[in-house]
1. Filter the stretch 468-491 down to the residues that are in a helix (DSSP H, G or I) and touching a Gly at 6+ places or on another chain (Cβ under 9 Å), then identify the one that is farthest from A544 (Cα to Cα).
2. Residue check: is R422 under 27 Å from R574 (Cα atoms), in the same structural domain as W502 (by TED's automatic domain parsing) and surrounded by fewer than 22 Cβ atoms within 10 Å (Cβ to Cβ)?
3. For E185, indicate whether it is assigned to a loop (DSSP other than H, G, I, E, B), modelled with pLDDT of 90 or more and of a type in the set (D, E).
4. So Y123 fits all but one of (1) farther than 15 Å from V168 by Cα; (2) part of a helix (DSSP H, G or I); (3) in contact with a strand residue (DSSP E or B) (Cβ under 7 Å, 6 or more places away or on another chain); what number is the exception?
5. Could you list, in sequence order, the residues of the stretch 479-498 that are over 30 Å from L380 (Cα atoms) and surrounded by fewer than 21 Cβ atoms within 10 Å (Cβ to Cβ)?
6. Check G494 against each of (1) in contact with a Gly (Cβ under 7 Å, 6 or more places away or on another chain); (2) outside any loop (DSSP other than H, G, I, E, B) and name the one condition it does not meet.
7. How about the stretch 568-595: which of its residues are part of a helix (DSSP H, G or I), within 21 Å of V483 (Cα to Cα) and free of Cβ contacts under 8 Å to residues at least 60 places away in the same chain?
8. So which residues in the stretch 497-515 are closer than 28 Å to D566 by Cα and either in contact (Cβ under 8 Å) with a residue 40 or more places away in the chain or among the hydrophobic types (A, V, I, L, M, F, W, C) (or both)?
Amino acid sequence: MSEAVVLTLSRTPVPKATLAPTKARSPHVAVVYATAAGDVMCFDGRPVPSTRLWFSRYRHRYEVDLRGFSGEARVGRNPLVSSDGVHLFDVRVSFECGLNGPKGAEEWVRSGLVDALPTVHWYITGVCRGAGGGFGIEDAAGLEAELNARFAEPADIGAGLILSDVRVAVRPDARSLAFLDTLLEAERRERTGRAEHVPDLGEQRRSIELGAIRQEADIAAALQRRNAFAYLLTSAEDLVNQHLAMHPTDTAGAVEMRMRLESARAARAEQQETQAMTLLELLVNKDMILPGDLNTMRDQFLGLAGRAAGAAPPAALPGPAAAAPALPAGTTTPWAAPLGTEGTWQPAGAPGALPGAPDTRLYEPTLAAPPVTPVSAVPLTALVYLVLDESLDTPCLDELNRGLRSLHDGLSADPAVSAALRLCVVGMAGDPAVRLGLARVGPGTRTPILLRRSGLSYERAFRSLRTLLPQDVTLVRAEGARVLRPVVFLLSGGKPADGEEWQDALHGLTDEASHSSAPRIIACGLGEADPLAISRIASRPELAHMAPRPSEPVAAAHTWAVFVRDRVRDYGRRLAAGGTEFGLAGPDGFRPAGDAL
């Protein structure tokens, strides 16, 4: 509130028996007369002539200011509380106020008040009291509109005062503003996070897909390099040549490696010569060989040792070269012969040889061709994927988890069957989740567990498989196995939330023209699954099966789990025996999905 507003300009006794002229007044001043009994009278605001007052009963003369005044009030002593009972509103009121003409002047004098502002403040506080309880702290505008509606009409507030032209401004107090700022900042972060989540998620998915493509290309390139050089790296020179072929600009490095190789060979030859001379001198001293044969024996010994270390054979001595004896058919050359099967000395008495003379024939090493494994000897491996609906009720998931444990135990107990299979389990809900990465199931393999989740998206499940399959096929092929076309067992118990959009993802997964690892899909539905969708997902009509509608979903889940356990183990046994047949019969009690349409 501002300083006091005094409307009574003067209070004087009424003169008696005087002929003095009546005191003049301003146009905005009303003159009010009061009796000793407290009665007041205002003669249209004009002063009464002195002669009329001689014998009147009026004792005091008041001059009252009829001009209006304006001000501003703040409802702060008793602030308005919001609907939560904690936060406060800051209410400021601007107003116009004044006396209601001569009648108002009489009431003002009769009230005996001096300052008009307390009356105004009391009235404003009374009108505003309790109004904040119907509004939250964030709805200051609503409270402001409510209060302005309450003050819309001029009001007689007592003591002759008329309150008009009231304007109310409402806002939260400082503590409440800080609270609202915190909420707004949190909401801004949430909206920004939601907006950024979509491109971030897309970027991550693109990064994963590109990484998978790069990984697949790196694996293929590594396999190609390994196959290209597998049978060429037979000497140290081959290693140097391979380095130069892969790094054409590193000529200096290749030259350095060749020089180091020659230095190592020279050092090795010197060491071998020293050892040979020591050994031969010992044999001469023991009369085991003749001194005249020392140089010949040394040259032959060093030549064989050098070729065994990878050195080039020495030039042939002048004269006709002795022809190497022909080997019987089916025998190996001395290079590949086991130790002890080919001597370097001719037995005594052999034709054309002197008794005790060393064999001077030099056998040239023959490089045997690399062994070629027949295609039929490469093991067959099947990739099996179980794609299971995790939005099913908990009892259904319990049955499926028991089936997974039974399948795991059966494969772990039969190594021959397990060796022919690779198993992957994917949980299908709003987002796919890999519960078991592709692995050969054994005692050390963890058992996958399905967890109940909300939502069901075929599209995301198919796109996830589209990314997984090429990677898995490449990795299994890198192990040296022949990979059969992957098999997917899909079980759904509801309708997908992505409408018909999943069909494009399914086409991208199963189109053999664009996807070399396209799988065969056996699709089964139970509960609220759509038979038409199950028929479209299956690779062939006879691979789509539906549980009967009246059947209990838990019983249907149990039947499907037994079906998958037996079918996968039977498939593994056939592969282990060399066959590739795969049965087309569905779970017991299920019927073709086409019949359920």
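1. It comes out as D472.
2. No: the conditions fail for R422.
3. Criteria not met by E185.
4. (1)
5. G494, K495, A497, D498
6. Failed condition: (2).
7. D570, R574
8. The answer is L506, L509.
The values are calculated or read from the model by the stated rules, or taken from the named source; none is laboratory data. None of these values were measured; they are calculated from a predicted model. Neighbour counts run over all protein chains shown; Cβ positions are idealised from the backbone, glycine included.
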